[in-house]
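Visitor: Okay, here's the structure, questions in a sec.
The values are calculated or read from the model by the stated rules, or taken from the named source; none is laboratory data. Quick caveat, the model's predicted, so the values are computed rather than measured. Note that each Cβ is placed from the backbone with ideal geometry, even for glycine, and that neighbours are counted across all protein chains shown. What goes into the accessible areas is simple: the full protein's heavy atoms, side chains included, and nothing from ligands, DNA or RNA. Shrake-Rupley method; radii C 1.70, N 1.55, O 1.52, S 1.80 Å.
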Amino acid sequence: MKMRVESSSFSCKGKEHRGRTNKFTLTHLLFFFAAFVSGAACPDKCVCSTTTVKCVNQDLHAVPQPLPTNTKTLFITGNNITHISAASFPTRLDQLTDLYLTGNQLESLDSKVFSNLPKLRLLDLSNNRIQSFDAAAFPANNTVQELVLSRVFYNQSYTEDLLSLLRSGALPKLTRLDLSNNELLVLTDGTFSRLPSLVNLTLQNSSIISIQDGALRPPPLLELDLRDNALRKLSNSTLTDLSLHPGMLLRLAGNPWRCDCNMEDLLAWLKQGDQVQDLQNLTCSDPEELKSQPLVLLEQTQLECSYSGDMKGVLETSYVFLGMVLALIGVIFLLVLYLNRKGIKRWMYNIRDACRDHMEGYHYRYEINTDPRLANLSINSDV
């Protein structure tokens, strides 16, 4: 009887042990299977973690394949991918929202390159050398909200593709645009008019020397960064456009403001509003006597229209050139007179003779009118 109980006990323990062993084995098999599947889906030279894929500084020359279909955030940075097209993303990635393509020496983006990324929300293309950016790169129903193009256009001649993209209306949901550290030079009218959702615009250090009328009028801007450009003044029309966004936060520090009589309207606008967040950091660049003077402390009596040293040199050169032209005209005139001296002399003699005959006629009539005898003789001779 005792042996039977012990045998039953031993049998139960054996079943329990086998159950644990089977459970342990199944768990490990599932783990290794998941690891195998995950490893197979992760591209070579990339690191995959849940929904994030990182392919950083791997000297890649193309977008790695295949990409996991559940990818939400994709980093392909610091490589040598100079060109991307529709073939760069052949598989539809319905969950991809954030795409970072920074520092890849990227030069061209073809049409429909982002067609298989329907949920793309953030696109970072900073630190590239883009020469061609097709306006049809995005699908018609794209959801891009943030576009970073900082340090992308090193040559002003390549910015036309960018302007065409912004004017095309291909980014209707774009809310944040970063164009800092580029060679834009001039903000033209209509550049942002097809971006109805744009509220944050960064143009810091973009070599901007002028803002055309209406360039900042259409977008519903809430934040505008114009720091570290080459702005010397803001026209009255630009000030009017900025006033259309009373809740907008504006940054203007780091520009070489010219503090002369043309600054009066800008100075009044700065002092009566509170849009400029870095007002205390705005300083004069010239004239020399007002250099580094804070704009907020300037009085209108200090604003005079005086020429700088360079302008004086330009005016002096202009005066010298004008004098030389007038002298040349004088020499030519005298030369013409000299070559036609005989004809001029004959013309003057003819005028003199004509004047003499005319005066003699007047003199003769005067004598007749003053002498009664000659007057009667004249009458009788007429009869």
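Visitor: Please state which of the following conditions T159 fails to meet, knowing it meets all the rest: (1) within 13 Å of R194 (Cβ to Cβ); (2) out of contact with any strand residue (DSSP E or B) (no Cβ under 9 Å at 6 or more places or on another chain); (3) not in a loop (DSSP other than H, G, I, E, B).
Guide: (1)
Visitor: Regarding T159, is this residue crowded, with 19+ Cβ neighbours inside 10 Å and either among the acidic types (D, E) or modelled with pLDDT of 90 or more (or both)? Let's see the steps before the verdict.
Guide: On the way: crowded, with 19+ Cβ neighbours inside 10 Å: yes; either among the acidic types (D, E) or modelled with pLDDT of 90 or more (or both): no.
So T159 fails the test.
Visitor: For the stretch 250-296, which positions are of a type in the set (A, V, I, L, M, F, W, C), open to solvent by 10 Å² or more (accessible area, probe 1.4 Å) and in contact with a Cys (Cβ under 8 Å, 6 or more places away or on another chain)?
Guide: C261, L290
Visitor: I need the full set of residues from the stretch 103-125 which are out of contact with any strand residue (DSSP E or B) (no Cβ under 9 Å at 6 or more places or on another chain) and closer than 11 Å to Q145 by Cα, in order please. Give the steps one after another, and end with the answer.
Guide: Within the stretch 103-125, the subset out of contact with any strand residue (DSSP E or B) (no Cβ under 9 Å at 6 or more places or on another chain) is 105, 111-112, 115-116, 118-119.
Answer for the stretch 103-125, where residues must be out of contact with any strand residue (DSSP E or B) (no Cβ under 9 Å at 6 or more places or on another chain) and closer than 11 Å to Q145 by Cα: just K119.
Visitor: Just name the residue that is farthest from the chain's Cα centre (by Cα) out of those in the stretch 119-140 that are within 15 Å of A86 (Cβ to Cβ) and either crowded, with 20+ Cβ neighbours inside 10 Å or of a type in the set (D, E) (or both).
Guide: The selected residue is L120.
Visitor: Of the numbered conditions (1) part of a loop (DSSP other than H, G, I, E, B); (2) in contact with a Lys or Arg (Cβ under 6 Å, 6 or more places away or on another chain), K112 satisfies every one except a single condition; which is it?
Guide: (2)
Visitor: Here is a follow-up. Could you check how many residues of the stretch 223-249 are over 15 Å from S193 (Cα atoms), of a type outside the set (V, I, T) and open to solvent by 40 Å² or more (accessible area, probe 1.4 Å)?
Guide: 11
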